1. Taking the chain as the region of interest, what is the percent of Cα-Cα pairs per 5 angstrom bin, listed from the shortest bin to the one with the maximum distance?
2. What's the FRET efficiency of Ala28 with Ala3 using the Cβ-Cβ distance as r and R₀ = 30 Å, to the nearest 0.05?
3. Within the chain, which GluC sites (Glu not before Pro) sit in a loop by DSSP and count at most 11 neighbouring Cβ atoms inside 10 Å?
4. Tilt of helix 4-28 relative to the longest C-alpha principal axis of the chain, in degrees (0 to 90, nearest 10)?
5. Using the Cα centre of segment 4-49 as origin and beta-carbon charges of +1 (Lys, Arg) and -1 (Asp, Glu), tell me which of Thr33, His4, Leu48 is placed farthest towards the positive end of the dipole.
6. For Thr39 and Glu19, FRET efficiency with R0 = 22 Å and r from the beta-carbon atoms, rounded to 0.05?
7. Quick one: putting +1 on the C-beta of Lys and Arg, -1 on the C-beta of Asp and Glu, what dipole do you get for the chain around its Cα centre, in Debye to the nearest 20?
Amino acid sequence: MLAHATLDPLFDAVAEGDEEAILNALCAAETMTGQLGRTVYGLPLESLIA
């Protein structure tokens, strides 16, 4: 059993890793057209950087 103070850095690391994974997925996504002609657009990275 670990004390709550011992677990805090672990929870912080997990939250930071999740955030990084979400941002990477959003930045890597490309525009695509799917079923019934629905189009989902990727993020314009130039605008995001600015």
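1. With 5 Å bins starting at 0, P(r) equals 4, 16, 14, 14, 13, 11, 8, 7, 7, 4, 1.
2. Working: r = 38 Å, r/R0 = 1.28.
That pair, Ala28 with Ala3, gives E of 0.20.
3. Details: sites: Glu16, Glu19, Glu20, Glu30, Glu46; in loops: Glu30.
The qualifying sites are Glu30.
4. Around 10 degrees separate the two axes.
5. The residue sitting farthest along the positive end of the dipole is Thr33.
6. On the way: r = 27 Å, r/R0 = 1.23.
The pair Glu19/Thr39 has a calculated efficiency of 0.25.
7. Working: 1 positive and 8 negative charges, 67 e Å.
The dipole magnitude comes to about 320 debye.
No lab work stands behind these numbers, since they all come straight from the coordinates. In this text, all values refer to a predicted model and were calculated from it rather than measured experimentally. Don't worry about glycine lacking a Cβ; one is built from the backbone with ideal geometry, like all the others, and counts go over all protein chains shown.
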